[in-house]
Amino acid sequence: MRKCSLSVLPALFAEIAKSNTLYIPASDNAGGAKFTKWEEGIQYLDTLNTVKSPKDFFFPHTEDLMEFKVTGKNIELFDIREESEDFVVFGVRACDVKSFDILDRVFLSDPVDSYYASRREHGVIISLACTRPAETCFCTTFGIDPATPAGDISAWKTEDALYLQANTQKGEALLSSVEALTEECDSTDVEAQQEKTRKIMQKLPLANLTTDSFGGGKTLELFDSPKWDELSEACLGCGTCTFVCPTCQCYDIKDFNTGNGVIRYRCWDSCMFSEFTKMAHGNSRLTQLERFRQRFMHKLVYYPENNDGLFSCVGCGRCLSKCPISMNIVKVMKALGGEKK
């Protein structure tokens, strides 16, 4: 483990940015935070979570896939991808780091999504342990320890120092490149901070939330529950929950005629939208209840059933704070029996 004084943090960012594009949490000028490309003068914002997750770095909101031109009966295809840049994302919380495990199982399984795979290859994640979890946090429900984040490099920030520990070869290479700005140290201060964070988590309102009522094999038990009707009644179908979620991976593929060819692109979509998966014969989920149920059954039942028990939620709390009608996965879990007595 290595550390550096917080006074050295700007120099550390500058050194990393010499060979990588660096992104750090910074103010979004609307009271929140977003990952922003670091440049001289960009101030690091010590925030719990950014409004949007770092998912966007690997699975962009919109992305051009290819271009093609049609001349008569001839179709000419063009691969318009450029080589991915080497980049570093600093300050990713443990919940968001865990989301990459979920996304990897979707995009890196056969057939591999080469667009996503390229970004994963070129990206380095520096996680940051939590010290002030919010009342909306429930990552421990899904076995995540906010005091010991994963990533290529794990980091812990105290009042006067930043501690760094490499976990992968990419992490070791990056940490070696800034070795002159850091020094070897023991983990005493880090262990003390971890203990404090874990004690805070035990006292949060959602500390007793459990997944015992969910997981693979629960489809028949939960699908026809009469509680879905009441839970979904006020849902607006706005999709806010899916767009702030770090693990949602639904997308649509569209073609745009530029007048000089056609660009095929993909963009995020939401299972909460009435036109999601709409086909020539119509939509397979005609009501908001069906769409609402699909979202939460996928998170809590379908995904773990097909992925070795791994749930498709990381307890980041974004949907709790952003839903305009205050309906979220926690209320669904409690209603269907997911809270310890």
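The set of residues in region 187-246 being under 20 Å from residue 328 (Cα atoms), polar (S, T, N, Q) and either part of a helix (DSSP H, G or I) or in contact with an Asp or Glu (Cβ under 6 Å, 6 or more places away or on another chain) (or both) consists of 208, 219, 232, 240, 242. Taking (1) farther than 27 Å from residue 55 by Cβ; (2) modelled with pLDDT under 95; (3) surrounded by 15 or more Cβ atoms within 10 Å (Cβ to Cβ) in turn, residue 233 satisfies each apart from (3).
Pick from region 24-42 the residues that are in contact with a strand residue (DSSP E or B) (Cβ under 8 Å, 6 or more places away or on another chain) and over 22 Å from residue 100 (Cα atoms): which of them is surrounded by the most Cβ atoms within 10 Å (Cβ to Cβ)? Checking each candidate, the answer is 38.
Table: residues versus (1) modelled with pLDDT under 95; (2) touching a helix residue (DSSP H, G or I) at 6+ places or on another chain (Cβ under 7 Å); (3) of a type in the set (Lys, Arg); (4) more than 24 Å from residue 57 (Cα to Cα).
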| position | (1), (2), (3), (4) |
| --- | --- |
| 260 | yes, no, no, yes |
| 264 | yes, no, yes, no |
| 271 | yes, yes, no, no |
| 282 | yes, no, no, yes |
| 287 | yes, no, no, yes |
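Residue-level analysis places residue 168 outside the set of residues that are of a type outside the set (Gly, Ala, Ser), surrounded by fewer than 20 Cβ atoms within 10 Å (Cβ to Cβ), closer than 29 Å to residue 340 by Cβ and modelled with pLDDT of 95 or more. Within region 88-129, the only residue that satisfies the criterion of being closer than 20 Å to residue 166 by Cβ, among the basic types (Lys, Arg) and surrounded by fewer than 23 Cβ atoms within 10 Å (Cβ to Cβ) is 120.
Of all positions in region 137-157, none carries a residue that is more than 22 Å from residue 100 (Cα to Cα) and aromatic (Phe, Trp, Tyr). In this entry, residue 324 passes the filter for residues that are loosely packed, with under 12 Cβ neighbours inside 10 Å and either among the aliphatic types (A, V, I, L, M) or touching a residue at least 12 places away in the same chain (Cβ under 8 Å) (or both).
Here is a yes/no grid of residues against (1) under 28 Å from residue 65 (Cβ atoms); (2) in a loop (DSSP other than H, G, I, E, B); (3) assigned by TED's automatic domain parsing to the domain that holds residue 308; (4) modelled with pLDDT under 95:
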position	(1), (2), (3), (4)
97	yes, no, no, no
105	yes, no, no, no
127	no, no, no, no
144	no, yes, no, no
154	no, no, no, no
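Among the residues making up region 310-325, those that are farther than 19 Å from residue 31 by Cβ and not aliphatic (A, V, I, L, M) are 311, 312, 313, 315.
Note on region 44-91: among residues that are assigned to a loop (DSSP other than H, G, I, E, B) and touching a Pro at 6+ places or on another chain (Cβ under 6 Å), the one that is nearest to residue 17 (Cα to Cα) is 45. Counting only residues that are of a type in the set (Phe, Trp, Tyr) and within 17 Å of residue 318 (Cβ to Cβ), which one in region 43-59 is surrounded by the fewest Cβ atoms within 10 Å (Cβ to Cβ)? Filtering first and then ranking leaves 57.
Restricting attention to region 193-230 and to residues that are among the aromatic types (Phe, Trp, Tyr) and either exposed (fewer than 15 other Cβ atoms within 10 Å of the Cβ) or touching a Gly at 6+ places or on another chain (Cβ under 7 Å) (or both), the residue that is farthest from residue 136 (Cα to Cα) turns out to be 223.
When residue 57 is tested against the conditions (1) in the same structural domain as residue 187 (by TED's automatic domain parsing); (2) under 30 Å from residue 190 (Cβ atoms), the lone failure is (1).
Restricting attention to region 156-176, the residues that are part of a helix (DSSP H, G or I), closer than 11 Å to residue 124 by Cβ and among the polar types (S, T, N, Q) add up to 1.
If I filter region 130-139 for residues that are part of a helix (DSSP H, G or I) and surrounded by fewer than 22 Cβ atoms within 10 Å (Cβ to Cβ), do I get at least one hit? Checked region 130-139: no residue is part of a helix (DSSP H, G or I) and surrounded by fewer than 22 Cβ atoms within 10 Å (Cβ to Cβ).
The values are calculated or read from the model by the stated rules, or taken from the named source; none is laboratory data. Since this is a predicted model, take the numbers as computed values, not measurements. Counting neighbours? That spans all protein chains shown, and the Cβs are built from the backbone with ideal geometry, glycine included.
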